[in-house]
Amino acid sequence: MPDGFLLSRVLLKFNNDSEDLREEISAIARTPDGSLWVGSDEFTTIERLSPLGDCIYGDHKSFQLSDFVDLFDPDSEVDIEGLDYADGYLWIIGSHSLKRNKTKGKKIKKDIRRLSEVEKDPNRYLLARIPVINGEPVNSFARSDAPADQLSSAMLQKTEDSNALMNALATDEHLGPFLAMNLPSKDNGLDIEGLAVYGNQVFLGLRGPVLRGWAIILEVELEEAETGVLTLKDLGKGALYRKHFVDLNGLGVRELCLYKGDLIILAGPTMDLEGAMQVFRLQDVLDHSQNTLWDQDSGALRVIFNLPFTIGSDHAEGLALFSCLGHEDGLLVVYDSPDPARIPTEKSLFADVFRLSD
């Protein structure tokens, strides 16, 4: 399979105090006004970059998520892992994961003890939407008098320390055992890193767990139960979600985006492994009424291209469709832990635009 064809690079210019953000970008989306929206796994904000010229974005502005949705803790990280835009809304997904404490390399006994400590941050259980009008996030907006045109910020219904999705998955035959064991994301536990939205239809890609080489994409439909609160719609016979199992050569899902009714899947190593990353295309994902399983012999799932691989840096994390150099089918890719060559100044960063081929 060929490496991706690099069409161009996009320069992202941040504020002086954005070094941590620049190093840990985990998601990106583009809105119709031309803005790029960036998320990080260490912040409680979403970031807007405005177009300044051909393939240059800047005029960086941060927006606190707590100004639009009811976080458990306004000061605790959300671990944003996916962004998408659909029908007037910017959608945000947190990782929904547990984390095991890191070693510090100072005292062996303390490091061994730290490896036994697993932490739960309720802010990570976020699935939310925020109206964006002409590049500005708002709490509510009426595009017309029609009920369907009344936009409002909302998030999936909270529980005591997570949300309605986690409640639904607790008894799942595949995912429930991983939740019951309290496995952190870096131990092949639950870790949502992909988000793609079509209307109220939401696809969630799991970096983990990967089951005997099969990655999992969850599909849910959301409806507004009351102002500011979303619930999982009954998909039939009491089912609140569907599962789509995909053969990604043993990799997990790192991001998703929709393209002409197909799902573009960024796949990479699960847990805390280094390894090559690939981009897949899964055809006709919007019309399934049951759980599915797709191998690469089905004709519906195929590798499009490989991404460049650099050990220790350039971990591809975010995808967005991006028109570039006359090509409508560009795919913008942003990276966590960027290689130093990708950082031209202390306030800027290069992202890549690859060509999607039909």
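Quick check, is G330 farther than 21 Å from P209 by Cα, in contact with a Cys (Cβ under 6 Å, 6 or more places away or on another chain) and of a type in the set (G, A, S)?
Details: farther than 21 Å from P209 by Cα: yes; in contact with a Cys (Cβ under 6 Å, 6 or more places away or on another chain): yes; of a type in the set (G, A, S): yes.
It is true that G330 is farther than 21 Å from P209 by Cα, in contact with a Cys (Cβ under 6 Å, 6 or more places away or on another chain) and of a type in the set (G, A, S).
If you check every pair at least six apart or on different chains, which have Cβ atoms under 7 Å apart with a residue in region 140-166 that is surrounded by 13 or more Cβ atoms within 10 Å (Cβ to Cβ) first and a residue that is among the aliphatic types (A, V, I, L, M) and not in a strand (DSSP E or B) second?
Pairs found: S153/V69; M155/V69; M155/L126; L156/A164; L156/L165; Q157/A164.
What single numbered condition from (1) touching a Leu at 6+ places or on another chain (Cβ under 9 Å); (2) within 30 Å of L235 (Cα to Cα); (3) at pLDDT below 95 fails to hold for K102?
Tallying (1) touching a Leu at 6+ places or on another chain (Cβ under 9 Å); (2) within 30 Å of L235 (Cα to Cα); (3) at pLDDT below 95, K102 fails exactly one: (2).
Would you be able to tell me the number of residues in region 19-68 that are touching a residue at least 60 places away in the same chain (Cβ under 8 Å), surrounded by 22 or more Cβ atoms within 10 Å (Cβ to Cβ) and over 18 Å from the mean Cα position of the chain (by Cα)?
Adding up the residues that qualify gives 1.
Against the definition (surrounded by 16 or more Cβ atoms within 10 Å (Cβ to Cβ), touching a helix residue (DSSP H, G or I) at 6+ places or on another chain (Cβ under 6 Å), closer than 24 Å to D172 by Cβ and not basic (K, R)), how does P209 come out, yes or no?
So P209 fits the description; yes.
I need the full set of residues from region 315-329 which are farther than 24 Å from I192 by Cα and either at pLDDT 95 or above or acidic (D, E) (or both), in order please.
Filtering region 315-329 for residues farther than 24 Å from I192 by Cα gives 323-329.
Once the filter is applied, which keeps residues that are farther than 24 Å from I192 by Cα and either at pLDDT 95 or above or acidic (D, E) (or both), region 315-329 yields E328, D329.
Tell me, please, whether a residue that is among the β-branched types (V, I, T), within 18 Å of L232 (Cβ to Cβ) and touching a residue at least 12 places away in the same chain (Cβ under 8 Å) can be found in region 171-188.
Of region 171-188, the ones among the β-branched types (V, I, T) are 171.
Restricting the remaining residues to those that are within 18 Å of L232 (Cβ to Cβ) gives 171.
Filter again for touching a residue at least 12 places away in the same chain (Cβ under 8 Å), leaving none.
The answer is no; no qualifying residue exists.
For region 251-280, give me each residue that is without any contact (Cβ under 8 Å) to a residue 24 or more places away in the chain and more than 13 Å from V197 (Cα to Cα).
P269, L273
Residues N134, N139: which one is of a type in the set (S, T, N, Q) and in contact with a Ser or Thr (Cβ under 6 Å, 6 or more places away or on another chain)? Show your work before the answer.
Values: N134 fails: in contact with a Ser or Thr (Cβ under 6 Å, 6 or more places away or on another chain).
When all the criteria are applied, what remains is N139.
The values are calculated or read from the model by the stated rules, or taken from the named source; none is laboratory data. Every value quoted in this text rests on a predicted model; they were computed, and no experiment measured them. Because the Cβ atoms are built from the backbone with ideal geometry, glycine has one as well, and the counts that use them run over all protein chains shown.
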